[in-house]
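The values are calculated or read from the model by the stated rules, or taken from the named source; none is laboratory data. Note that this is a predicted model, so its numbers are computed, not measured. No Cβ is skipped: glycine too gets one built from the backbone with ideal geometry, and neighbour counts run over all protein chains shown.
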Amino acid sequence: MASSEAAVKAAWKAIDEEKDYATDLTQKLVRIPSVNPKFIRDPDQNLESAVQDAVEAELKSIGMSIDRWDVFEDRPNVIGQLPGSEERSLLLCGHIDVVPVGERGSWTVDPFGGEIKNGRLYGRGAVDMKSGVAAAIAAIRAIRKAGIELDGRIAMHSVVDEETGGFGAIDAVKRGYLAEAAIITEPSWGEIQVCEGGLEWIRITITGRQGHSAWRYNEIWPQRDEPARLRPAVNAIDIAVRFLDALRNFESSRCRNRQHPLLPPGMNTINVGVMRAGAGLGPDGLPLILTNPAIIPDVAVIDLDYKFLPNQTKQEIRAEFEDFVHHFCQQDLWLQQHPIKVEWELGGLHFPPMDTPPDHPLVQSLYKRRTELGGKPKISGFIAVADCAHYAGAGVNAMICGATGDGFHGTDEYVDIASLEETTKTLAAAIIDWCGVR
């Protein structure tokens, strides 16, 4: 224990001697626009590769071996590693892609300027999450500068594409870049976040029967069912309305009956995000005609964002949801013969749940070190989803610990510089606690 505490003090001293390193690196990374090209294609903004060049140079400078490959064209992951035992291995992870700036006129600073004022560093990606990448690198750098030899293997994962599903981290996991534990340095506002719910994107396709709107009465008003009667149309939007009403009741029952102690009640929601309805089903699974209200629509496509609890499995929630859809269809003669189609992992998106025990030694280390540095941390859960899910899904004990800021996915994004410095020290100490000292 004495050598470990001495090592922590030495690492903190090294951080104090280069007090501005994490801030300067954050500023450097923010000034390289790396908007995810799945949002906007612009060669002046899609510079993830240039950000990774800067990250790679920093990791090489502290003696880490480098693995680099393209997840998508010109969108590389970079992983730096220092050798050590697998039993105490640890990976730190951050993503370098950012969301678009939006309306520039609504910003009071240059979105890619990295301006510093009043103890804050501004710019797109400042808190989400280039500061997290910088803090992780700075923590490892301080350990190296202090001459500390870790017993466990330490890795730094700088990944792309988190903002559209985490496919950079997914690819790293598929290639076997894992460890016994993981710290994702997303902003956590002084908290240690040990759990997050799983997330599914689901497509619901409802099919009806196309017809002319003038004959809608034949569909909805009682008619003599005789040979001369025209075949009634079936309005897919009408079915969708009934389905959404039933879905709301299903959602409410899930939220009411199931909770997790570290997350707000009711967070396990089902968001109806996109609905498209019209006539004819195209090869892309969407309606072909969306502009003619004189047609009784035969296709309604609804895309859902389905959040479930950390202590649930995808098998459990999928079976439960499909059972709900099945019983809904059994109440309608048309749907008995033309059941609603349920498509999972829309766009390839699936976030496994994360549910790391709060008493895990690395969680307790992060809590202890943040407290020693003057913070008032609490152990909590993460409301949204992040790359930690993909490591947790592969059996890694993952958690989130990062800086404080605001404006993420909005305007005037910033990171609090004091919190960035505190995070760097917290990470350095936790690395030493977990990996051990030779």
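Condition test on LEU335, is it touching a residue at least 40 places away in the same chain (Cβ under 8 Å) and assigned by TED's automatic domain parsing to the domain that holds GLU421? Quick ask: steps written out before the conclusion?
On the way: touching a residue at least 40 places away in the same chain (Cβ under 8 Å): yes; assigned by TED's automatic domain parsing to the domain that holds GLU421: no.
No, not satisfied.
Given the conditions (1) out of contact with any Asp or Glu (no Cβ under 7 Å at 6 or more places or on another chain); (2) closer than 24 Å to LEU373 by Cβ, and given that ILE184 satisfies all but one, which numbered condition is not satisfied?
Among (1) out of contact with any Asp or Glu (no Cβ under 7 Å at 6 or more places or on another chain); (2) closer than 24 Å to LEU373 by Cβ, the lone unmet condition for ILE184 is (1).
From the list ASP44, ASP67, ASP53, ASP24, exactly one residue is free of Cβ contacts under 8 Å to residues at least 60 places away in the same chain, assigned by TED's automatic domain parsing to the domain that holds ALA418 and not in a helix (DSSP H, G or I). Which is it? Outline the logic, then answer.
On the way: ASP67 fails: free of Cβ contacts under 8 Å to residues at least 60 places away in the same chain; ASP53 fails: not in a helix (DSSP H, G or I); ASP24 fails: not in a helix (DSSP H, G or I).
Matching residue, one of ASP44, ASP67, ASP53, ASP24: ASP44.
Among the candidates PRO287, PRO297, single out the residue that is touching a Lys or Arg at 6+ places or on another chain (Cβ under 8 Å) and buried (at least 16 other Cβ atoms within 10 Å of the Cβ).
None of the others qualify; the one that does is PRO287.
Going by the structure shown, is ARG258 on the phi < 0 side of the Ramachandran plot and at pLDDT 95 or above?
Taking the combined requirement at face value, the residue does not satisfy it.
Tell me which helices (runs of 4 or more DSSP H) are completely within segment 336-438 and hold 2 or more residues being modelled with pLDDT of 95 or more and touching a Leu at 6+ places or on another chain (Cβ under 6 Å), or say none if there are none.
It comes to 417-435.
What are the residues in segment 279-296 that are closer than 29 Å to GLU320 by Cβ and part of a loop (DSSP other than H, G, I, E, B), if any? Reasoning before the result, please.
Start the filter on segment 279-296 by keeping residues that are closer than 29 Å to GLU320 by Cβ, which leaves 281, 284-287.
Scanning segment 279-296 gives ASP284, GLY285, LEU286.
Output yes when any residue across segment 285-297 is under 25 Å from the mean Cα position of the chain (by Cα), touching a residue at least 40 places away in the same chain (Cβ under 8 Å) and assigned by TED's automatic domain parsing to the domain that holds PHE250, and no when none is.
no
Any residue that is in the same structural domain as ILE239 (by TED's automatic domain parsing) and in a strand (DSSP E or B) - is there at least one of those in segment 307-327?
Yes, the conditions are met somewhere in segment 307-327.
Take the conditions over 20 Å from LEU288 (Cβ atoms), of a type outside the set (Asp, Glu) and touching a strand residue (DSSP E or B) at 6+ places or on another chain (Cβ under 6 Å) and apply them to LEU263. Does it pass?
Against the criterion (over 20 Å from LEU288 (Cβ atoms), of a type outside the set (Asp, Glu) and touching a strand residue (DSSP E or B) at 6+ places or on another chain (Cβ under 6 Å)), LEU263 qualifies.
With the requirement that a residue be acidic (Asp, Glu) and surrounded by 24 or more Cβ atoms within 10 Å (Cβ to Cβ), what does segment 153-173 give you?
Passing the criteria: ASP161, GLU162.
Count, please, the residues in segment 186-216 that happen to be assigned to a strand (DSSP E or B) and either without any contact (Cβ under 8 Å) to a residue 24 or more places away in the chain or surrounded by fewer than 23 Cβ atoms within 10 Å (Cβ to Cβ) (or both).
Selection size over segment 186-216: 11.
Taking the criterion of being of a type in the set (Gly, Ala, Ser) and closer than 17 Å to HIS409 by Cα, would at least one residue in segment 86-98 satisfy it?
There is at least one residue in segment 86-98 that is of a type in the set (Gly, Ala, Ser) and closer than 17 Å to HIS409 by Cα.
Would you say GLU219 is buried (at least 16 other Cβ atoms within 10 Å of the Cβ), farther than 30 Å from LEU420 by Cα and touching a residue at least 60 places away in the same chain (Cβ under 8 Å)?
yes
Using the structure shown, decide if PRO227 is surrounded by 14 or more Cβ atoms within 10 Å (Cβ to Cβ), at pLDDT below 95 and on the phi < 0 side of the Ramachandran plot.
Spelling it out, it is not the case that PRO227 is surrounded by 14 or more Cβ atoms within 10 Å (Cβ to Cβ), at pLDDT below 95 and on the phi < 0 side of the Ramachandran plot.
With the requirement that a residue be in a loop (DSSP other than H, G, I, E, B), touching a strand residue (DSSP E or B) at 6+ places or on another chain (Cβ under 8 Å) and either polar (S, T, N, Q) or closer than 20 Å to GLY402 by Cα (or both), what does segment 71-114 give you?
Answer for segment 71-114, where residues must be in a loop (DSSP other than H, G, I, E, B), touching a strand residue (DSSP E or B) at 6+ places or on another chain (Cβ under 8 Å) and either polar (S, T, N, Q) or closer than 20 Å to GLY402 by Cα (or both): ILE96, ASP97, VAL99, GLY114.
So which of GLY147, GLY176 ends up being in a loop (DSSP other than H, G, I, E, B), in the same structural domain as ARG68 (by TED's automatic domain parsing), surrounded by fewer than 24 Cβ atoms within 10 Å (Cβ to Cβ) and more than 21 Å from the chain's Cα centre (by Cα)?
Details: GLY176 fails: more than 21 Å from the chain's Cα centre (by Cα).
GLY147 is the lone residue from the list that is in a loop (DSSP other than H, G, I, E, B), in the same structural domain as ARG68 (by TED's automatic domain parsing), surrounded by fewer than 24 Cβ atoms within 10 Å (Cβ to Cβ) and more than 21 Å from the chain's Cα centre (by Cα).
Anything in segment 247-272 that is surrounded by fewer than 18 Cβ atoms within 10 Å (Cβ to Cβ), among the basic types (Lys, Arg) and either in a helix (DSSP H, G or I) or not assigned by TED's automatic domain parsing to the domain that holds PHE328 (or both)? List them, or say none.
Correct list: ARG248, ARG256.
Which residue pairs have Cβ atoms closer than 6 Å, lie 6 or more positions apart in sequence or on different chains, and pair a first residue in segment 76-102 that is small (Gly, Ala, Ser) with a second residue that is surrounded by fewer than 19 Cβ atoms within 10 Å (Cβ to Cβ)?
Once the first residue is small (Gly, Ala, Ser) and sits in segment 76-102, its partners that are surrounded by fewer than 19 Cβ atoms within 10 Å (Cβ to Cβ) give GLY80/ILE66; GLY84/ASP151; SER85/ASP151.
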